[in-house]
Amino acid sequence: MNDAPLDMRMDREQRRTAADIINEEDERELTRILREYGEEKFAGAIARRIVAKRASKPVETTGELVEIIEESIPRKAKLKGGHPAKRTFQALRIALNSELDEISQAVESLAGCLNPGGRFAVITFHSLEDRIVKDGFRTLEKPCTCPPDFPVCVCGKKSMGHVVTRKPILPEEEEIALNPRAKSAKLRVFERA
Ligand SMILES: [Zn+2]
């Protein structure tokens, strides 16, 4: 309802904001996000107008985005289905959250691709992402969901291997001096049994 920065993160530590999606994704990907996550019929028209507008100046506020959406949707279609911007904002929220889901899905499926003794390593740059990797690795190592007082495991979930890095590996000062962006990097390694 009010004009505000285009952010929409669930967590301050999350890297991407809604503005990053709006200003960085290409027209095709924007269309996909709006159509798939928002079921927006005019996804193509909205994406096209976003790309045209941001060519002169990035889209930075919710008010600017609402204006673009209102200009993209035919007058008649605006009369039904609630606020015309509702579906786009829903799509952005889902897109931002699904990026985090994708990390945890990737951790799980990558472990399944390894040969016994094979390792995979993940570098993240934000603590929210690192937490997802850390939790994912822990679940791969100890997937059992039985209550702790059960004498034997009945859930049947088998360990995939072990976490090689109890604590994440961080860049040395020398590396940070050479590459300041490495500062927030965290590396974790998992080994398949
Ligand atoms: Zn169990």
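The values are calculated or read from the model by the stated rules, or taken from the named source; none is laboratory data. No experiment lies behind these values; they were computed from the predicted model shown. With ideal geometry, Cβ positions are generated from the backbone for all residues, glycine too; neighbour counts draw on all protein chains shown.
Regarding I50, is this residue over 25 Å from R15 (Cα atoms) and β-branched (V, I, T)? Give the derivation first.
Details: over 25 Å from R15 (Cα atoms): no; β-branched (V, I, T): yes.
No.
Assess whether V59 counts as being part of a loop (DSSP other than H, G, I, E, B) and aliphatic (A, V, I, L, M).
On the way: part of a loop (DSSP other than H, G, I, E, B): yes; aliphatic (A, V, I, L, M): yes.
Yes: the conditions hold for V59.
Out of the range 32-56, which residues are farther than 17 Å from P74 by Cα, modelled with pLDDT of 95 or more and not charged (D, E, K, R)?
The answer is V51, A52, A55, S56.
Take I123 and tell me if it is out of contact with any strand residue (DSSP E or B) (no Cβ under 7 Å at 6 or more places or on another chain) and on the phi < 0 side of the Ramachandran plot. It would help to see each step written out before you state the result.
Numbers: out of contact with any strand residue (DSSP E or B) (no Cβ under 7 Å at 6 or more places or on another chain): no; on the phi < 0 side of the Ramachandran plot: yes.
Judged against the criteria, I123 is not a match.
What's the total number of residues in the range 129-149 that are of a type in the set (S, T, N, Q) and either loosely packed, with under 13 Cβ neighbours inside 10 Å or more than 14 Å from A106 (Cβ to Cβ) (or both)? Give the steps one after another, and end with the answer.
We begin by selecting, within the range 129-149, every residue of a type in the set (S, T, N, Q); these are 139, 145.
Imposing the further condition that a residue be either loosely packed, with under 13 Cβ neighbours inside 10 Å or more than 14 Å from A106 (Cβ to Cβ) (or both) reduces the set to 145.
The number of residues fulfilling the criteria is 1.
Name the single residue that is nearest to the ligand (Cβ to nearest atom) among those in the range 150-188 being surrounded by 15 or more Cβ atoms within 10 Å (Cβ to Cβ), part of a strand (DSSP E or B) and within 24 Å of the chain's Cα centre (by Cα).
Ranking the qualifying residues of the range 150-188, first place goes to V163.
Quick one: in the range 120-149, of everything that is within 14 Å of the ligand (Cβ to nearest atom) and part of a loop (DSSP other than H, G, I, E, B), which residue is nearest to R188 (Cα to Cα)?
Filtering the range 120-149 down to residues within 14 Å of the ligand (Cβ to nearest atom) leaves 139, 141-149.
Retained after the next criterion (residues that are part of a loop (DSSP other than H, G, I, E, B)): 142-149.
On the way: K142: 16, P143: 18, C144: 21, T145: 23, C146: 26, P147: 28, P148: 27, D149: 30 Å.
Taking the candidates together, the pick is K142.
Taking the residues in the range 103-128 that are touching a helix residue (DSSP H, G or I) at 6+ places or on another chain (Cβ under 6 Å) and closer than 23 Å to M10 by Cα as candidates, determine which candidate is surrounded by the fewest Cβ atoms within 10 Å (Cβ to Cβ). Can you show your working first?
Residues of the range 103-128 touching a helix residue (DSSP H, G or I) at 6+ places or on another chain (Cβ under 6 Å): 103-104, 107, 111, 120, 122, 124-125.
If we keep only those that are closer than 23 Å to M10 by Cα as well, we get 103-104, 107, 122, 124-125.
Working: I103: 19, S104: 15, V107: 21, V122: 22, T124: 20, F125: 13.
This residue is F125.
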